[in-house]
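The values are calculated or read from the model by the stated rules, or taken from the named source; none is laboratory data. Note that this is a predicted model, so its numbers are computed, not measured. Please note: Cβ atoms are built from the backbone with ideal geometry, for glycine as well, and neighbour counts cover all protein chains shown. What goes into the accessible areas is simple: the full protein's heavy atoms, side chains included, and nothing from ligands, DNA or RNA. Shrake-Rupley method; radii C 1.70, N 1.55, O 1.52, S 1.80 Å.
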Amino acid sequence: MIEVVLKKGKEKAVLHRHPWVFSGAIERVKGKPENGDVVRLIDAKGAFLAYGFYNNQSRVALRLLEWDENSEINEQWFRDRVAAAVESRSNILVEGVTNTCRLIFSESDYLPGLIVDKYANHLAVQVLTSGIEKMMPCIIDELQRLLKPESIFDKSDASSRGHEGLPTSNVVLAGNHPPEHVEVIENGIRYNINIAEGQKSGFYCDQRDNRSILAAHVKGKKVLDCFSYTGGFTLNSLHRGAASVTSVDSSQLAIDTLKENILLNKFDTRKSIAITSDVNKQLRKFREEGETFDIVVLDPPKYAPSRSALDKASRAYKDLNRLGMLLLNKGGLLATFSCSGAMDMETFKQVLAWAALDAGKQVQFIYQFCQPEDHPVRSSFPEGEYLKGLLCRVF
Ligand code: SAH
(Lines give C-alpha, C1' and ligand atoms only; values in the text may rest on other atoms or scores of the structure.)
Protein backbone atom coordinates (compact mmCIF):
# COMPACT_ATOMS: atom_id res chain seq x y z
CA MET A 1 0.00 0.00 0.00
CA ILE A 2 1.29 3.46 -0.86
CA GLU A 3 2.49 5.53 2.10
CA VAL A 4 1.87 9.22 2.67
CA VAL A 5 4.10 11.04 5.14
CA LEU A 6 2.54 13.68 7.38
CA LYS A 7 4.50 16.85 8.17
CA LYS A 8 6.05 16.90 11.61
CA GLY A 9 3.81 18.75 14.06
CA LYS A 10 0.59 18.03 12.15
CA GLU A 11 -0.27 14.82 14.04
CA LYS A 12 -2.65 16.23 16.64
CA ALA A 13 -5.89 16.28 14.60
CA VAL A 14 -5.12 12.84 13.15
CA LEU A 15 -4.49 11.39 16.60
CA HIS A 16 -7.77 12.95 17.74
CA ARG A 17 -9.39 11.03 14.87
CA HIS A 18 -10.44 14.00 12.80
CA PRO A 19 -11.05 12.44 9.37
CA TRP A 20 -9.55 15.21 7.20
CA VAL A 21 -5.91 15.84 6.28
CA PHE A 22 -5.37 18.99 4.24
CA SER A 23 -2.89 18.94 1.38
CA GLY A 24 -0.67 21.47 3.20
CA ALA A 25 -0.09 18.98 6.05
CA ILE A 26 1.45 16.37 3.77
CA GLU A 27 5.25 16.10 3.64
CA ARG A 28 5.47 13.69 0.70
CA VAL A 29 3.81 10.79 -1.05
CA LYS A 30 5.93 7.65 -1.50
CA GLY A 31 4.80 6.51 -4.93
CA LYS A 32 1.98 7.50 -7.25
CA PRO A 33 -1.46 6.66 -5.85
CA GLU A 34 -4.50 7.15 -8.04
CA ASN A 35 -7.18 9.47 -6.74
CA GLY A 36 -9.53 7.43 -4.58
CA ASP A 37 -6.93 4.83 -3.60
CA VAL A 38 -6.60 3.83 0.04
CA VAL A 39 -3.19 4.84 1.39
CA ARG A 40 -1.28 4.45 4.67
CA LEU A 41 -0.63 7.68 6.56
CA ILE A 42 2.60 7.65 8.58
CA ASP A 43 4.33 10.24 10.72
CA ALA A 44 7.76 11.75 10.03
CA LYS A 45 9.43 8.87 11.92
CA GLY A 46 7.56 6.25 9.87
CA ALA A 47 5.02 5.22 12.54
CA PHE A 48 1.53 4.28 11.37
CA LEU A 49 -1.21 6.88 11.90
CA ALA A 50 -4.26 5.88 9.84
CA TYR A 51 -5.60 4.58 6.54
CA GLY A 52 -7.48 6.93 4.25
CA PHE A 53 -8.67 7.84 0.76
CA TYR A 54 -6.18 9.86 -1.27
CA ASN A 55 -7.09 12.66 -3.67
CA ASN A 56 -4.55 15.17 -5.01
CA GLN A 57 -7.30 17.33 -6.59
CA SER A 58 -9.00 18.11 -3.31
CA ARG A 59 -8.00 20.55 -0.58
CA VAL A 60 -8.76 17.63 1.72
CA ALA A 61 -6.04 15.38 0.32
CA LEU A 62 -6.79 12.50 2.68
CA ARG A 63 -10.10 11.37 4.11
CA LEU A 64 -9.25 9.05 6.95
CA LEU A 65 -11.15 5.82 7.39
CA GLU A 66 -9.44 3.69 10.01
CA TRP A 67 -6.96 4.22 12.85
CA ASP A 68 -6.40 0.54 13.67
CA GLU A 69 -3.35 -0.67 11.78
CA ASN A 70 -4.50 -4.29 11.96
CA SER A 71 -7.79 -3.61 10.11
CA GLU A 72 -7.86 -4.42 6.44
CA ILE A 73 -9.60 -1.79 4.33
CA ASN A 74 -11.23 -4.21 1.92
CA GLU A 75 -14.75 -4.64 0.54
CA GLN A 76 -15.89 -6.22 3.78
CA TRP A 77 -14.76 -3.13 5.70
CA PHE A 78 -17.09 -0.98 3.58
CA ARG A 79 -19.93 -3.52 3.77
CA ASP A 80 -19.64 -3.51 7.58
CA ARG A 81 -19.86 0.30 7.75
CA VAL A 82 -22.89 0.35 5.43
CA ALA A 83 -24.62 -2.36 7.45
CA ALA A 84 -23.91 -0.62 10.76
CA ALA A 85 -25.31 2.69 9.50
CA VAL A 86 -28.45 1.07 8.08
CA GLU A 87 -29.02 -0.95 11.26
CA SER A 88 -28.70 2.18 13.42
CA ARG A 89 -31.73 3.75 11.67
CA SER A 90 -34.06 0.85 12.42
CA ASN A 91 -35.80 2.64 15.30
CA ILE A 92 -36.68 5.61 13.05
CA LEU A 93 -38.37 3.47 10.42
CA VAL A 94 -41.74 2.39 11.80
CA GLU A 95 -44.23 0.72 9.50
CA GLY A 96 -47.19 2.97 8.72
CA VAL A 97 -45.52 5.94 10.49
CA THR A 98 -42.13 6.76 8.87
CA ASN A 99 -40.50 5.14 5.86
CA THR A 100 -38.07 7.88 4.88
CA CYS A 101 -34.78 8.92 6.52
CA ARG A 102 -31.06 9.38 5.90
CA LEU A 103 -29.40 5.96 6.06
CA ILE A 104 -25.78 7.05 5.60
CA PHE A 105 -24.38 10.48 6.50
CA SER A 106 -20.87 10.62 5.12
CA GLU A 107 -18.01 11.17 7.59
CA SER A 108 -20.48 10.99 10.48
CA ASP A 109 -21.11 7.34 9.53
CA TYR A 110 -17.41 6.65 8.82
CA LEU A 111 -17.97 6.70 5.04
CA PRO A 112 -16.51 10.02 3.83
CA GLY A 113 -18.41 11.27 0.79
CA LEU A 114 -21.33 8.84 0.84
CA ILE A 115 -24.89 10.00 1.49
CA VAL A 116 -27.82 7.61 1.17
CA ASP A 117 -31.43 8.66 1.69
CA LYS A 118 -34.32 6.23 1.82
CA TYR A 119 -37.67 7.14 0.28
CA ALA A 120 -40.06 4.24 0.87
CA ASN A 121 -38.53 1.49 -1.24
CA HIS A 122 -36.24 3.77 -3.26
CA LEU A 123 -32.75 5.02 -2.43
CA ALA A 124 -31.14 8.31 -3.47
CA VAL A 125 -27.36 8.33 -3.26
CA GLN A 126 -24.78 11.12 -3.37
CA VAL A 127 -21.19 10.14 -4.12
CA LEU A 128 -18.95 13.09 -3.23
CA THR A 129 -15.43 11.60 -3.08
CA SER A 130 -13.38 9.64 -5.57
CA GLY A 131 -12.65 7.04 -2.88
CA ILE A 132 -16.32 6.24 -2.36
CA GLU A 133 -16.86 6.34 -6.12
CA LYS A 134 -14.35 3.49 -6.49
CA MET A 135 -16.12 1.44 -3.83
CA MET A 136 -19.61 1.97 -5.27
CA PRO A 137 -20.02 -1.49 -6.85
CA CYS A 138 -19.63 -3.15 -3.46
CA ILE A 139 -21.66 -0.46 -1.64
CA ILE A 140 -24.55 -0.83 -4.11
CA ASP A 141 -24.39 -4.59 -3.73
CA GLU A 142 -24.53 -4.31 0.06
CA LEU A 143 -27.46 -1.85 -0.06
CA GLN A 144 -29.31 -4.26 -2.36
CA ARG A 145 -28.55 -7.21 -0.09
CA LEU A 146 -29.78 -5.35 3.01
CA LEU A 147 -32.75 -3.42 1.66
CA LYS A 148 -33.78 -4.87 -1.72
CA PRO A 149 -34.77 -1.42 -3.04
CA GLU A 150 -36.80 -0.96 -6.23
CA SER A 151 -34.31 1.66 -7.39
CA ILE A 152 -31.00 3.25 -6.41
CA PHE A 153 -30.65 6.67 -8.03
CA ASP A 154 -27.47 8.76 -8.08
CA LYS A 155 -28.26 12.37 -7.12
CA SER A 156 -24.63 13.51 -7.03
CA ASP A 157 -25.31 17.01 -8.31
CA ALA A 158 -23.90 18.55 -5.15
CA SER A 159 -21.45 21.35 -5.85
CA SER A 160 -18.88 19.72 -3.54
CA ARG A 161 -18.36 16.96 -6.14
CA GLY A 162 -16.45 19.46 -8.22
CA HIS A 163 -13.88 19.84 -5.39
CA GLU A 164 -12.81 16.23 -5.93
CA GLY A 165 -12.56 16.63 -9.69
CA LEU A 166 -15.67 14.49 -10.21
CA PRO A 167 -18.27 15.35 -12.87
CA THR A 168 -21.90 15.77 -11.78
CA SER A 169 -23.92 12.66 -12.15
CA ASN A 170 -27.63 11.81 -12.23
CA VAL A 171 -28.14 8.20 -13.18
CA VAL A 172 -29.86 5.00 -12.16
CA LEU A 173 -27.33 2.85 -10.28
CA ALA A 174 -29.55 -0.19 -9.78
CA GLY A 175 -33.12 -1.28 -10.49
CA ASN A 176 -35.55 0.92 -12.42
CA HIS A 177 -35.64 4.69 -12.89
CA PRO A 178 -37.51 5.99 -9.81
CA PRO A 179 -41.10 6.95 -10.70
CA GLU A 180 -41.94 10.66 -10.96
CA HIS A 181 -43.92 10.43 -7.74
CA VAL A 182 -42.76 8.31 -4.85
CA GLU A 183 -45.13 8.48 -1.89
CA VAL A 184 -43.42 8.48 1.48
CA ILE A 185 -44.73 8.77 5.01
CA GLU A 186 -43.06 10.68 7.83
CA ASN A 187 -44.58 10.80 11.32
CA GLY A 188 -47.86 9.62 9.80
CA ILE A 189 -47.98 12.35 7.15
CA ARG A 190 -47.78 11.54 3.44
CA TYR A 191 -45.60 13.34 0.90
CA ASN A 192 -45.06 13.00 -2.80
CA ILE A 193 -41.35 13.03 -3.58
CA ASN A 194 -39.78 13.55 -6.97
CA ILE A 195 -36.40 11.90 -6.43
CA ALA A 196 -34.92 12.79 -9.80
CA GLU A 197 -36.12 16.43 -9.99
CA GLY A 198 -36.56 17.53 -6.35
CA GLN A 199 -34.10 19.69 -4.43
CA LYS A 200 -31.23 18.08 -2.55
CA SER A 201 -32.25 14.45 -2.67
CA GLY A 202 -35.97 15.26 -2.85
CA PHE A 203 -36.99 15.88 0.75
CA TYR A 204 -35.55 17.52 3.86
CA CYS A 205 -35.75 14.62 6.29
CA ASP A 206 -33.42 16.46 8.68
CA GLN A 207 -36.42 18.46 9.92
CA ARG A 208 -38.49 15.38 10.84
CA ASP A 209 -38.29 15.78 14.64
CA ASN A 210 -38.45 19.57 14.57
CA ARG A 211 -41.69 19.47 12.55
CA SER A 212 -43.37 17.39 15.28
CA ILE A 213 -41.92 19.51 18.09
CA LEU A 214 -43.30 22.68 16.54
CA ALA A 215 -46.64 21.04 15.72
CA ALA A 216 -47.30 20.58 19.44
CA HIS A 217 -47.78 24.39 19.65
CA VAL A 218 -50.06 25.07 16.69
CA LYS A 219 -53.57 24.11 17.78
CA GLY A 220 -55.98 26.89 16.87
CA LYS A 221 -53.14 29.14 15.72
CA LYS A 222 -52.56 31.15 12.56
CA VAL A 223 -49.25 29.86 11.17
CA LEU A 224 -46.88 31.31 8.57
CA ASP A 225 -44.46 28.73 7.10
CA CYS A 226 -41.66 30.53 5.23
CA PHE A 227 -39.37 28.54 2.90
CA SER A 228 -42.02 25.84 3.04
CA TYR A 229 -40.63 23.65 0.23
CA THR A 230 -43.17 20.82 -0.19
CA GLY A 231 -44.84 21.52 3.14
CA GLY A 232 -42.97 19.82 5.98
CA PHE A 233 -44.02 22.35 8.64
CA THR A 234 -47.27 23.23 6.84
CA LEU A 235 -48.60 19.67 6.78
CA ASN A 236 -47.62 18.96 10.38
CA SER A 237 -49.38 22.17 11.43
CA LEU A 238 -52.59 21.32 9.53
CA HIS A 239 -52.46 17.82 10.98
CA ARG A 240 -52.24 19.12 14.55
CA GLY A 241 -55.13 21.57 14.28
CA ALA A 242 -53.72 24.92 13.16
CA ALA A 243 -56.53 27.39 12.35
CA SER A 244 -54.77 28.31 9.10
CA VAL A 245 -51.36 27.93 7.48
CA THR A 246 -49.84 30.33 4.96
CA SER A 247 -46.90 28.77 3.10
CA VAL A 248 -44.33 30.74 1.12
CA ASP A 249 -41.62 29.41 -1.20
CA SER A 250 -39.99 30.82 -4.32
CA SER A 251 -40.14 27.47 -6.12
CA GLN A 252 -43.33 26.92 -8.11
CA LEU A 253 -42.65 23.17 -8.20
CA ALA A 254 -42.35 23.12 -4.39
CA ILE A 255 -45.64 25.01 -3.96
CA ASP A 256 -47.45 22.78 -6.49
CA THR A 257 -46.21 19.69 -4.65
CA LEU A 258 -47.24 21.23 -1.30
CA LYS A 259 -50.79 21.63 -2.64
CA GLU A 260 -50.80 18.02 -3.86
CA ASN A 261 -49.55 16.89 -0.46
CA ILE A 262 -52.44 18.67 1.30
CA LEU A 263 -54.88 16.73 -0.92
CA LEU A 264 -52.94 13.50 -0.45
CA ASN A 265 -53.45 13.80 3.32
CA LYS A 266 -57.10 14.89 2.94
CA PHE A 267 -56.41 18.03 4.99
CA ASP A 268 -58.87 20.94 4.75
CA THR A 269 -57.68 22.99 1.75
CA ARG A 270 -59.67 26.00 3.03
CA LYS A 271 -57.15 26.33 5.89
CA SER A 272 -54.20 26.62 3.49
CA ILE A 273 -52.89 29.58 1.52
CA ALA A 274 -49.81 28.77 -0.59
CA ILE A 275 -47.84 31.62 -2.14
CA THR A 276 -45.03 31.39 -4.69
CA SER A 277 -42.82 34.34 -3.81
CA ASP A 278 -39.53 35.53 -2.45
CA VAL A 279 -39.85 35.37 1.34
CA ASN A 280 -38.18 38.73 1.98
CA LYS A 281 -40.58 40.46 -0.39
CA GLN A 282 -43.60 38.62 0.94
CA LEU A 283 -42.77 39.42 4.59
CA ARG A 284 -42.50 43.12 3.71
CA LYS A 285 -45.82 42.90 1.86
CA PHE A 286 -47.53 41.32 4.88
CA ARG A 287 -46.12 44.11 7.04
CA GLU A 288 -47.47 46.79 4.70
CA GLU A 289 -50.87 45.09 4.69
CA GLY A 290 -50.90 44.85 8.49
CA GLU A 291 -51.13 41.04 8.40
CA THR A 292 -50.05 39.25 11.60
CA PHE A 293 -49.55 35.62 12.70
CA ASP A 294 -49.38 33.58 15.92
CA ILE A 295 -46.50 31.41 14.71
CA VAL A 296 -43.83 32.15 12.10
CA VAL A 297 -41.48 29.44 10.77
CA LEU A 298 -38.25 30.53 9.04
CA ASP A 299 -36.31 27.65 7.46
CA PRO A 300 -34.10 29.34 4.85
CA PRO A 301 -31.49 27.69 2.65
CA LYS A 302 -27.84 27.79 3.73
CA TYR A 303 -26.81 31.49 3.89
CA ALA A 304 -23.20 30.82 5.00
CA PRO A 305 -21.50 28.21 2.80
CA SER A 306 -18.20 28.83 4.63
CA ARG A 307 -16.75 30.65 7.63
CA SER A 308 -15.65 33.54 5.44
CA ALA A 309 -19.28 34.15 4.46
CA LEU A 310 -20.43 34.27 8.09
CA ASP A 311 -20.54 38.07 8.54
CA LYS A 312 -22.65 38.63 5.46
CA ALA A 313 -24.84 35.65 6.30
CA SER A 314 -25.35 36.89 9.88
CA ARG A 315 -26.75 40.14 8.53
CA ALA A 316 -29.10 38.25 6.21
CA TYR A 317 -30.29 36.01 9.08
CA LYS A 318 -30.75 39.06 11.29
CA ASP A 319 -32.82 40.89 8.71
CA LEU A 320 -34.99 37.88 7.99
CA ASN A 321 -35.65 37.22 11.66
CA ARG A 322 -36.37 40.90 12.35
CA LEU A 323 -39.06 40.80 9.67
CA GLY A 324 -40.44 37.54 11.07
CA MET A 325 -40.65 39.00 14.59
CA LEU A 326 -42.47 42.10 13.36
CA LEU A 327 -45.28 39.95 11.95
CA LEU A 328 -45.96 38.12 15.22
CA ASN A 329 -48.84 38.81 17.53
CA LYS A 330 -47.78 39.57 21.12
CA GLY A 331 -46.50 36.36 22.77
CA GLY A 332 -46.35 34.59 19.41
CA LEU A 333 -43.77 31.97 18.48
CA LEU A 334 -40.91 32.21 16.03
CA ALA A 335 -39.39 28.87 14.95
CA THR A 336 -36.19 29.89 13.23
CA PHE A 337 -33.48 27.69 11.71
CA SER A 338 -30.00 27.88 10.24
CA CYS A 339 -28.56 24.98 8.26
CA SER A 340 -25.21 26.78 7.84
CA GLY A 341 -22.53 24.64 9.50
CA ALA A 342 -20.38 27.77 9.83
CA MET A 343 -22.93 29.36 12.19
CA ASP A 344 -22.92 27.78 15.63
CA MET A 345 -25.74 27.99 18.16
CA GLU A 346 -24.10 30.76 20.20
CA THR A 347 -23.69 32.96 17.12
CA PHE A 348 -27.24 32.18 16.05
CA LYS A 349 -28.56 33.28 19.46
CA GLN A 350 -26.55 36.49 19.09
CA VAL A 351 -28.12 37.08 15.67
CA LEU A 352 -31.57 36.60 17.19
CA ALA A 353 -30.69 39.04 19.97
CA TRP A 354 -29.76 41.70 17.36
CA ALA A 355 -32.92 41.00 15.42
CA ALA A 356 -35.00 41.44 18.59
CA LEU A 357 -33.30 44.76 19.38
CA ASP A 358 -33.86 46.04 15.84
CA ALA A 359 -37.49 44.94 15.90
CA GLY A 360 -38.04 46.48 19.33
CA LYS A 361 -39.10 43.07 20.71
CA GLN A 362 -38.28 40.91 23.72
CA VAL A 363 -37.42 37.30 23.03
CA GLN A 364 -37.37 34.17 25.18
CA PHE A 365 -35.59 31.14 23.81
CA ILE A 366 -37.92 28.31 24.81
CA TYR A 367 -36.42 25.39 22.89
CA GLN A 368 -33.25 24.60 20.91
CA PHE A 369 -33.78 22.56 17.77
CA CYS A 370 -31.06 20.31 16.33
CA GLN A 371 -30.52 17.70 13.64
CA PRO A 372 -32.13 14.28 14.19
CA GLU A 373 -30.38 11.01 14.97
CA ASP A 374 -30.10 9.91 11.34
CA HIS A 375 -27.74 12.92 10.95
CA PRO A 376 -25.31 11.96 13.72
CA VAL A 377 -22.38 14.15 14.76
CA ARG A 378 -19.13 12.31 15.39
CA SER A 379 -17.29 13.66 18.44
CA SER A 380 -14.10 13.87 16.37
CA PHE A 381 -15.88 15.61 13.47
CA PRO A 382 -17.83 18.66 14.66
CA GLU A 383 -18.16 19.76 11.00
CA GLY A 384 -20.98 17.21 10.74
CA GLU A 385 -23.19 19.46 12.85
CA TYR A 386 -25.05 21.96 10.69
CA LEU A 387 -28.75 22.22 11.53
CA LYS A 388 -29.81 24.28 14.50
CA GLY A 389 -32.85 26.28 15.41
CA LEU A 390 -34.53 28.26 18.15
CA LEU A 391 -38.11 28.35 19.24
CA CYS A 392 -38.62 31.88 20.50
CA ARG A 393 -41.51 33.48 22.30
CA VAL A 394 -41.68 37.06 21.13
CA PHE A 395 -43.19 39.95 23.10
N1 SAH B 1 -38.96 23.88 5.43
C2 SAH B 1 -38.78 22.96 4.33
C3 SAH B 1 -37.38 22.94 3.77
C4 SAH B 1 -36.86 24.28 3.32
S5 SAH B 1 -35.53 24.19 2.22
C6 SAH B 1 -39.22 21.57 4.75
O7 SAH B 1 -39.58 21.37 5.92
O8 SAH B 1 -39.21 20.68 3.92
C9 SAH B 1 -35.39 25.85 1.68
C10 SAH B 1 -36.46 26.30 0.73
O11 SAH B 1 -36.27 27.68 0.51
C12 SAH B 1 -36.44 25.67 -0.65
O13 SAH B 1 -37.68 25.09 -0.91
C14 SAH B 1 -36.23 26.86 -1.62
O15 SAH B 1 -37.02 26.77 -2.82
C16 SAH B 1 -36.68 28.01 -0.80
N17 SAH B 1 -36.09 29.32 -1.07
C18 SAH B 1 -34.79 29.63 -1.25
N19 SAH B 1 -34.64 30.98 -1.34
C20 SAH B 1 -35.88 31.53 -1.22
C21 SAH B 1 -36.39 32.86 -1.19
N22 SAH B 1 -35.57 33.90 -1.33
N23 SAH B 1 -37.70 33.03 -1.03
C24 SAH B 1 -38.53 31.98 -0.89
N25 SAH B 1 -38.11 30.71 -0.88
C26 SAH B 1 -36.81 30.47 -1.04
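Just checking, how many residues over segment 38-57 are of a type outside the set (D, E, K, R), surrounded by fewer than 23 Cβ atoms within 10 Å (Cβ to Cβ) and not in a strand (DSSP E or B)?
The number of residues fulfilling the criteria is 5.
For segment 316-323, check the following and say yes or no: at least one residue is of a type in the set (Asp, Glu), closer than 23 Å to residue 251 by Cα and within 16 Å of the chain's Cα centre (by Cα).
no
Is it fair to say residue 244 is within 12 Å of the ligand (Cβ to nearest atom), over 19 Å from the mean Cα position of the chain (by Cα) and modelled with pLDDT of 95 or more?
no
Which residues, taken from segment 367-395, are over 29 Å from residue 114 (Cβ atoms) and open to solvent by less than 70 Å² (accessible area, probe 1.4 Å)?
390, 391, 392, 394
Which pairs have Cβ atoms under 8 Å, sit 6 or more apart or on different chains, and link a residue in segment 312-325 that is not assigned by TED's automatic domain parsing to the domain that holds residue 343 to one that is hydroxyl-bearing (Ser, Thr, Tyr)?
The qualifying pairs do not exist here.
I'd like to check something: does segment 324-345 contain any residue that is within 15 Å of the ligand (Cβ to nearest atom), aromatic (Phe, Trp, Tyr) and within 21 Å of the chain's Cα centre (by Cα)?
yes
On the given criteria, is residue 260 open to solvent by 50 Å² or more (accessible area, probe 1.4 Å) and touching a Lys or Arg at 6+ places or on another chain (Cβ under 9 Å)? Spell out the reasoning first.
Details: open to solvent by 50 Å² or more (accessible area, probe 1.4 Å): yes; touching a Lys or Arg at 6+ places or on another chain (Cβ under 9 Å): no.
The answer is no for residue 260.
Which condition from (1) open to solvent by 30 Å² or more (accessible area, probe 1.4 Å); (2) outside any loop (DSSP other than H, G, I, E, B); (3) under 26 Å from residue 118 (Cα atoms) is the one that residue 270 breaks?
(3)
Going by what's in this entry, would residue 233 be described as within 12 Å of the ligand (Cβ to nearest atom), surrounded by fewer than 24 Cβ atoms within 10 Å (Cβ to Cβ), among the hydrophobic types (A, V, I, L, M, F, W, C) and modelled with pLDDT of 95 or more?
For residue 233, the condition - within 12 Å of the ligand (Cβ to nearest atom), surrounded by fewer than 24 Cβ atoms within 10 Å (Cβ to Cβ), among the hydrophobic types (A, V, I, L, M, F, W, C) and modelled with pLDDT of 95 or more - is not met.
Within segment 217-229, is there a residue that is of a type outside the set (Gly, Ala, Ser), in a loop (DSSP other than H, G, I, E, B), within 15 Å of the ligand (Cβ to nearest atom) and buried (at least 22 other Cβ atoms within 10 Å of the Cβ)?
Yes, because at least one residue in segment 217-229 is of a type outside the set (Gly, Ala, Ser), in a loop (DSSP other than H, G, I, E, B), within 15 Å of the ligand (Cβ to nearest atom) and buried (at least 22 other Cβ atoms within 10 Å of the Cβ).
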